[in-house]
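Heads up: the structure comes next, in structure tokens.
The values are calculated or read from the model by the stated rules, or taken from the named source; none is laboratory data. On a predicted model such as this, the values are computed, not experimentally measured, just so you know. Neighbour counts are summed over all protein chains in view; Cβ atoms, including those assigned to glycine, are modelled from backbone coordinates with ideal geometry. Please note that ligands, DNA and RNA were not included when accessible areas were found on the heavy atoms of the full protein model with its side chains. Shrake-Rupley method; radii C 1.70, N 1.55, O 1.52, S 1.80 Å.
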Amino acid sequence: MNRYRVLRHPVSFVAKNALALILSSVGTAALGFVFWAFATRLVRAEFLGRATAEIAAMSLVANLSQLGFGSTFERFLPIAGSQTRSLVVKGYALSCTVAFVGSLVYLSLPASRLVLLDSAQRLTFVISTVAWSIFVLQDRVLIALRKSSLVPVENLSFSAAKLVLLPVIVAVSITQGIYLSWTIPVVAAVAIVSRYVFWTLIPRHASQRRNVEALPSITTIIKLALGQYVTTILRVFSTSIVALIVIATVGATASAYYYIPAMISSALGQLIYNVVTSFLVESSFDSESIGTHARSALRVLGVVLVSGVVIGEIFASQILRVFGSTYAAHGTTLLRLLLLSLPALAVTEFYAAFAWLDRRVWWLAGRELVSLALYLGLVLAFIGRLGIIATGWAALGSAAAQALFFAPILVRRYRSETSQLDPS
């Protein structure tokens, strides 16, 4: 009976945490769609355009300010014990400092003056960017401390709050209504969650996780975080540069037909990442049961991939018709190609989790660099002849090449972790 319980608990934790993160991603995306549909009916395109530019700039600066601490928290907070508070505080402090400096750098750029028209808006931008950097990181803290169930509660509450505030604040300020409806819930969420994290969650975790493996030195942690940071920058660059290549080569209209399939595929890719994250956290908590956690994660991944890819392949045209018949006509093939690349993406993301467990994060940065070179090379080689479809073939080709390289490594590691498990 005890043995049965030991085997069942890790499985349920991986599945439960993954499903919580999936719920957060799907629910946030749905409420975000409603938010922007509502916003287009409340303000003119001019104000909407400024708000989206302001939000995009804030998100970019805040995300680049993470310094790789998101994955660092997921890997090392489970074993941090009495050092948990110190690690979280240092991560928050470094991220906030970089966000503050980054927001000032953005404000010094001429482009910022087209969006932020006065000193009040500039001050609001700085405050909201720093708050957003914590808002992103605190989700990773909750995940790392086995409170993934609170992530959808927090994010769905935030999404609902900004939707409720939107008409109220727009009525007061037509120019800043959209942006403030984002900022106010972020500040509130940071205050509420931080109080729970530092007053309740961290003390409880520190008292329960005293006898764990030694936490690496701060130098080692920073090196690993920097490796993840390089990987993140390369991914951001990849997404941005391809969007620029598309609009420069085939025009703004074709760029719109590219963006929607890419957004849908990216959303499903986020679900893969959610499952892998859950596996990483549970394996960090209980390194003696990595094989059990891996099996559980593969089961959930199988459900996500099979259902998502098969449904997407069959109903790609119908899905895109929601955005208009022209999107279906021009984007169906692209969406199918992007979805076909996701199983290969799952292989590399699963390998990335093992690399974090083994503290070989700079391998991931090298992989991302090679992937970027191959992806951009294929896009540039074929976009002139194939149009936006070239981005689909490039994604499929680069993902397949990576999967062919990493799959044997992943299979060997998976077998070594599961070979001792009871097949029953």
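Want the number for Ala401 to Val322: 0.36 nm per residue separation, take away the alpha-carbon distance, what's left?
So the chain would gain 25.1 nm between Ala401 and Val322.
Return the Rg/Rh value of the stretch 50-206, two decimal places, where both radii are evaluated on C-alpha atoms and Rh is the Kirkwood radius. Each step should come with its number before you reach the end.
On the way: Rg = 16.3 Å, Rh = 16.2 Å.
Rg/Rh for the stretch 50-206 comes to 1.00.
Please calculate the 1.4 Å probe accessible area of Asp286, with all protein chains present, and give it to the nearest 10 Å².
50 Å²
Between Val14, Val411, Val322, where does the largest GNM mean-square fluctuation fall for the chain, given springs only between Cα atoms within less than 10 Å?
Highest fluctuation among the options: Val322.
Taking the full set of protein chains and a 1.4 angstrom probe, give the accessible area of Tyr327 in square angstrom, rounded to the nearest 10.
60 Å²
Hey, how many Å between the Cα centroid of the stretch 355-408 and the Cα centroid of the stretch 218-243?
After rounding, the separation between the Cα centres reads 15 Å.
With a 1.4 Å probe and all protein chains in place, put Phe13, Phe350 in order of accessible area, largest first.
So the residues, ranked largest to smallest area, are Phe13, Phe350.
Rolling a 1.4 angstrom probe over the protein chains, ignoring ligands and nucleic acids, what is the accessible area of Leu201 in square angstrom, nearest 10?
10 Å²
Given the Cα-Cα distance of Arg204 and Ala160 and 0.36 nm per residue of separation, how much length would full extension add, in nm?
Residue separation times 0.36 nm, minus the Cα-Cα distance, leaves 12.9 nm.
Which residue, Val246, Val164, Val98, has the most motion in a Gaussian network model of the chain that connects Cα atoms within less than 10 Å?
Highest fluctuation among the options: Val164.
When ranked by the protection proxy of mean other Cβ atoms within 10 Å per residue, highest first, what sequence do the peptides 291-299, 374-382 form?
Result, highest mean first: 291-299, 374-382.
How much of the accessible area of the chain, in percent, comes from carbon and sulfur atoms when a 1.4 Å probe is used?
Carbon plus sulfur share of accessible area: 68 percent.
Give, to the nearest whole percent, the P(r) tail of the stretch 222-286 beyond 12 angstrom, counting all Cα pairs.
Working: 1607 of 2080 pairs.
Of all Cα-Cα pairs in the stretch 222-286, 77 percent lie more than 12 Å apart.
How far, in nm, would the chain grow between Trp363 and Ala120 when pulled straight, counting 0.36 nm per residue and subtracting the alpha carbon separation? Don't skip to the end; give the middle numbers.
Details: separation 243, 0.36 × 243 = 87.48 nm, distance 4.39 nm.
Gain on extension, Trp363 to Ala120, equals 83.1 nm.
So how far apart, in nm, are the two label points at Thr249 and Glu313 if each is 7 Å from Cα heading toward Cβ?
2.6 nm
So which residue, out of Val197, Val172, Val309, gets the largest mean-square fluctuation from a GNM of the chain using Cα contacts under 10 Å as springs?
Val172
Per residue Cα convex hull volume for the stretch 151-297, in cubic angstrom?
Dividing the Cα hull volume of the stretch 151-297 by its residues yields 194 Å³.
With 20 Å bins from zero, work out the P(r) of the chain over every alpha carbon pair and list the percent per bin.
Cα pair-distance distribution for the chain, in percent: 24, 59, 17, 0.
For the chain, what is the mean residue ellipticity at 222 nm derived from helices alone (per DSSP H run of n ≥ 4: -39500 (n - 2.57); sum divided by total residues; nearest 500 deg cm²/dmol)?
Calculated at 222 nm, the ellipticity per residue is -29500 deg cm²/dmol.
By accessible area of protein heavy atoms, probe 1.4 Å, what ranking do Trp356, Trp182, Trp362, Trp199 get, highest first?
From most exposed to least exposed: Trp199, Trp362, Trp182, Trp356.
Order the following by accessible area, largest value first: Lys147, Lys223. Probe radius 1.4 Å; ligands, DNA and RNA are ignored.
So, going from the largest accessible area down, we get Lys223, Lys147.
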